[in-house]
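The structure under discussion appears below in the form of structure tokens.
The values are calculated or read from the model by the stated rules, or taken from the named source; none is laboratory data. All values reported here derive from a predicted model rather than from experimental measurement. A quick note on method: Cβ atoms are made from the backbone with ideal geometry, for glycine too, and the neighbour counts reach across all protein chains shown. Ligands, DNA and RNA are stripped out before the accessible areas are found, and what is left, the full protein with its side chains, is counted by its heavy atoms. Shrake-Rupley method; radii C 1.70, N 1.55, O 1.52, S 1.80 Å.
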Amino acid sequence: MEYLKTDESDGKQDSLCLIACCRCGLAIEPNPTNMCVNCLRSDVDITADIPKTSALCYCRGCSRYQMPPNQWIKAELESRELLSICLKKLKALSTVKLVDAGFVWTEPHSMRIKVKLTVQKEVMNGAVLQQVFVVEFVVQNHYCEDCHRVEAKDFWRAIVQVRQKCDHKKTFFYLEQLMLKHRAHKSTVNIKPMADGLDFFFTKQDDARKLVDFLSAHVPCKLSTGRELVSHDIRSNKFTYKYAFSLEIIPICKDNIICLPAKLAHQLGGISPLVIVTRVNQSISIIDPFTLQWAEMSGAQYWRQPFPSLVSPKQLIEYMVMEVEHVPDRERQHRPRMSTKHALVDVYVARMSDLGVNDQQFHCRSHLGHLLKTGDTVLGYDFTNTNVNHENFDRMKGDRIPDVMIVKKVFDRTKRIKRRNWKLKRFDGAEDIETESANRDYNDFLEDLEEDQTIRDNVNIYIDRTKVTVELEDTDDEGAPQISLQEMMEDLNIDDDPMDGGGMDEASGGI
């Protein structure tokens with residue numbers, strides 16, 4: 001059988017012979033099998049060894065897919081990464097030549113992923129057959145090893161124990177905000193509160209060391225390490241250990257009254273031994289309330305000769321300011337490194353408990369002249385009716401010990417809470433286990449944030465939309481410090497999980 005075929009390039013006509021298919025007799029062009037395409041496909045299926053259904057393991061904890069043999073990769077729907085994972089699940093693809101691959105649209109929450117494949121393969125007598133088919137992948141929820149250990153909450157290889165021997169937890173609230181801002185807690189398996197600190201659990205020793213370096217860079221602390229043998233393989237001589245890192249934070253906090261050793265006071269510029277702590281971050285900032293001389297003490301200086309705090313904020317009592325007199329410059333003791341943020345004043349105060357009972361007043365000097373006025377309430381410590389058991393304090397001369405030492409001014413806490421139109425993020429579950437004492441310490445920490453700009457620089461502060469429109473009847477804030485709107489951030493929740501639809505909060509990890 002012949003027919004004429006015209007060549008479009010030169011317009012010439014060529015004769016071409018047709019043959020009959022050996023199966024159905026259809027006229028076809030000659031080929032090595034002498035069979036038409038339909039008969040050839042009925043005889044040979046090049047996709048027979050390729051499964052038409054398969055399973056994809058998806059971890060709902062970290063939104064990753066499992067890639068053979070045991071690797072977990074984060075991939076979006078209909079992405080190149082997900083297509084690569086699907087193709088690697090089909091091991092029989094190595095027997096054919098892959099020409100094209102693409103996704104077939106399915107509902108986002110159907111838990112079905114369909115991939116359309118075009119493959120070629122050489123069949124009998126050198127003939128090349130091309131075939132198109134669809135493979136359906138069923139998404140199965142399965143925890144990866146890391147998330148499984150997190151859910152188990154008892155698997156760890158390294159622990160960081162953070163401790164501080166003091167009567168409040170304001171330091172740990174500050175560390176919590178630091179870790180949330182820098183995401184230093186992202187590798188933790190679990191976080192457990194303890195009586196005097198926190199325990200952070202990790203699956204890797206390197207992650208624990210990173211947290212130790214982070215905390216050591218922000219608070220003065222002392223490190224001690226240890227390890228425990230878990231297993232030993234005698235054939236390969238491999239040892240498995242659990243590592244422990246213990247961080248002891250300096251037991252001195254803001255608004256503490258401390259008495260320095262004589263040698264340390266001399267090293268800090270000849271400052272008076274009896275001083276007030278104004279701030280604790282990378283170093284300890286102290287001030288002499290009688291001369292306005294200030295100094296900074298490093299953690300290394302403290303740990304060479306450690307000493308306890310003389311007076312903590314919970315031991316302070318309230319006084320009423322009866323009279324305030326600014327100290328003239330000629331009467332001041334000019335010393336190096338005098339504070340310019342404070343003003344030196346002579347103050348006459350009376351105990352709040354003595355008002356209406358007696359007229360006893362105390363005279364003292366204070367560094368809070370920029371805040372105090374007659375009628376204010378202050379917190380101070382009475383050295384006339386106390387017996388302090390402190391080695392450094394016992395060595396001081398009597399004429400150098402004041403009757404009263406004023407530490408800070410007191411503002412109306414109720415008004416401050418009503419005006420507080422901002423909030424902080426917490427570790428997951430932290431608010432569920434707070435006690436009355438911890439809530440009181442947390443409010444003290446929020447007040448410290450309002451009073452100190454330096455501390456606020458290390459904390460993410462968010463606008464609380466539920467309190468922005470609150471109107472107060474009394475607008476007199478008595479000069480109480482507040483946080484400006486420019487320092488606040490919008491609280492945004494971003495949905496990161498395409499399979500679950502739930503948002504992942506920034507404060508991941510939990511107590």
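Cβ-Cβ distance of residue 305 and residue 482, R₀ of 45 Å, FRET efficiency by 1/(1 + (r/R0)^6): the value works out to about 0.70. Tell me, how many Å apart are the Cα centres for segment 190-232 and for segment 275-293? Here the two parts' Cα centres lie 30 Å apart. Would you list which lysines come within 19 Å of residue 341, measuring only between C-alpha atoms, while excluding same-chain residues fewer than 8 positions from it? Within reach: 254, 373, 408, 409. Using the empirical formula 2.2 N^0.38 Å as the baseline, the Cα radius of gyration of segment 165-230 reaches a ratio of 1.14. The alpha carbons of segment 109-188 stretch over 87, 27, 21 Å along the principal axes, in descending order.
Here the 3J(HN,Hα) profile of segment 248-261, calculated from phi with Karplus coefficients 6.51, -1.76 and 1.60 at θ = phi - 60°, is 9, 7, 4, x, 10, 10, 4, 6, 7, 9, 10, 10, 6, x Hz, Gly and Pro shown as x. Mean residue ellipticity at 222 nm, helices only, the chain: -5000 deg cm²/dmol; runs of at least 4 DSSP H residues each add -39,500 (n - 2.57), and the sum is divided by the number of residues.
Ordering 29-41, 360-372 by mean Cβ neighbour count within 10 Å, with the highest value first, yields 360-372, 29-41. Here the calculated FRET efficiency for residue 237 and residue 195, from their Cβ-Cβ distance with R0 = 41 Å, stands at 0.55, rounded to the nearest 0.05.
By the Kirkwood approach, averaging reciprocal distances over each pair of separate Cα atoms, segment 307-370 gets a hydrodynamic radius of 13.9 Å. Segment 201-313 gives an Rg/Rh value of 1.19, both radii derived from C-alpha positions and Rh following Kirkwood. Amide H contacts for residue 404 (H built 1.01 Å from N in the peptide plane; partners 5 or more residues away or on another chain; cut-off under 5 Å): 383. Taking 0.36 nm per residue of sequence separation and removing the Cα-Cα distance, the residue 110/residue 417 pair yields an extension gain of 105.7 nm. At each listed q (0.10, 0.11, 0.23 Å⁻¹), what is the log10 of I(q)/I(0) that the Debye formula gives for segment 266-391 modelled as equal alpha-carbon point scatterers? The computed values of log10 I(q)/I(0) come out as -0.37, -0.44, -1.46. Segment 299-458 has equivalent-ellipsoid semi-axes of 30, 22, 19 Å, by the square roots of 5 times the alpha carbon gyration tensor eigenvalues, sorted largest first. How large is the Kirkwood hydrodynamic radius of the chain, in angstrom, based on all distinct alpha carbon pairs? About 29.8 Å, per the Kirkwood formula over Cα pairs. Wrap a convex hull around the Cα atoms of segment 53-92, take a quarter of its surface area, and give that in square nanometres. Seen from a random direction, the Cα hull of segment 53-92 projects 2.9 nm² on average. Starting from the Cα of residue 204, draw a straight line to each of the lysines and keep only those under 17 Å, dropping any in the same chain fewer than 8 residues away. Straight-distance partners of residue 204: 153, 186, 238, 242.
Contact order for the chain, expressed relative to its length and based on alpha carbon pairs under 8 Å spaced 6+ residues apart, stands at 10 percent. Solvent-accessible area per residue in the chain equals 55 Å², computed with a 1.4 angstrom probe and all protein chains kept. Protection proxy ranking for 273-281, 196-204, 458-466, using the average of other Cβ atoms within 10 Å per residue and placing the highest first: 273-281, 196-204, 458-466.
Over segment 134-271, all Cα pairs binned in 10 Å intervals from 0 give whole-percent P(r) values of 10, 31, 27, 17, 9, 4, 1, 1, 0, listed from short to long.
Taking a straight line from the alpha carbon of residue 423, these lysines sit under 19 Å away, with near neighbours fewer than eight places off in the same chain left out: 169, 170, 181, 415, 467. By accessible area, using a 1.4 Å probe on protein heavy atoms only, the chain has 48% of its surface on carbon and sulfur. For segment 14-140, the alpha-carbon radius of gyration amounts to 1.39 times the rule-of-thumb value 2.2 N^0.38 Å expected for a compact globular protein.
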